[in-house]
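To keep things clear, I will list the structure first and then write my remarks on it.
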C-alpha cells in the first residue's frame, strides 16, 4: 500500500466509476429498447391499447345511442333511480326491496300511475330518522316525476313494548315502508 500514488489511485477510482456508469447505461438502454418496442407500429403494446380503446369508445357510443331511444334511460327509470338514491352517502339505506304495481292515472286516459312500495331488504336493520327523511326528500327533490305518497315507520324495539309515544322512540330504531308514485304516459 505504500507505493500507491495519487495517479494510481485516480486510475483505480476512474475504473470503478466507469464500471458503475456502464451498468447504469446498460439499464437505461434496456428500458429505452423496451419502450421503443412498445411504440413500434403494427405490433407495439401502445398501438394495440389505442386500437382497443377506440373499439370500446365506438361500442360505448353505440350503446349510448341505443339507450337514448330507450324509455328506461337515466332518471326515466324509477327503479334504478330509487336504488341509486338509497345508496347515496347522506342516505345510506343500502339495499332496498321494491314492489311495483300500477293503476289508472288521474291525469287523463293516457296516463298510468306506477306505485313503488319500498322496504329495506333487511327488515331487522334499524335506521335513524334522518336517513329515512333524507331518502324520501332526495327522491322527490331530484326527480320531478316521483312523489312520496305514503310512509309507515315502525319501531324496532328489543323488548317489544306495545305502545311507546313517538317522543320516546330511541334513536336509530326505525324500519319503514314507503310508497312512491310515478305518473307516466301509457306505453312508457
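The values are calculated or read from the model by the stated rules, or taken from the named source; none is laboratory data. Note that this is a predicted model, so its numbers are computed, not measured. Here Cβ is always computed from backbone atoms with ideal geometry, including for glycine, and neighbour counts include all displayed protein chains.
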Item checked: Residue identified as modelled with pLDDT of 85 or more and either exposed (fewer than 13 other Cβ atoms within 10 Å of the Cβ) or touching a helix residue (DSSP H, G or I) at 6+ places or on another chain (Cβ under 7 Å) (or both) among 103, 59 -> 59
Notebook entry, point to check: Limited to region 62-93, what total is found for residues that are assigned to a loop (DSSP other than H, G, I, E, B), at pLDDT below 80 and either exposed (fewer than 13 other Cβ atoms within 10 Å of the Cβ) or out of contact with any helix residue (DSSP H, G or I) (no Cβ under 7 Å at 6 or more places or on another chain) (or both)?
Noted result: 7
Notebook entry, point to check: Which residues, counting only those in region 106-130, are at pLDDT 85 or above and crowded, with 18+ Cβ neighbours inside 10 Å?
Noted result: 114, 116, 118, 120
Check: Just a yes or no: is a residue in region 154-171 loosely packed, with under 14 Cβ neighbours inside 10 Å and modelled with pLDDT of 70 or more?
Finding: yes
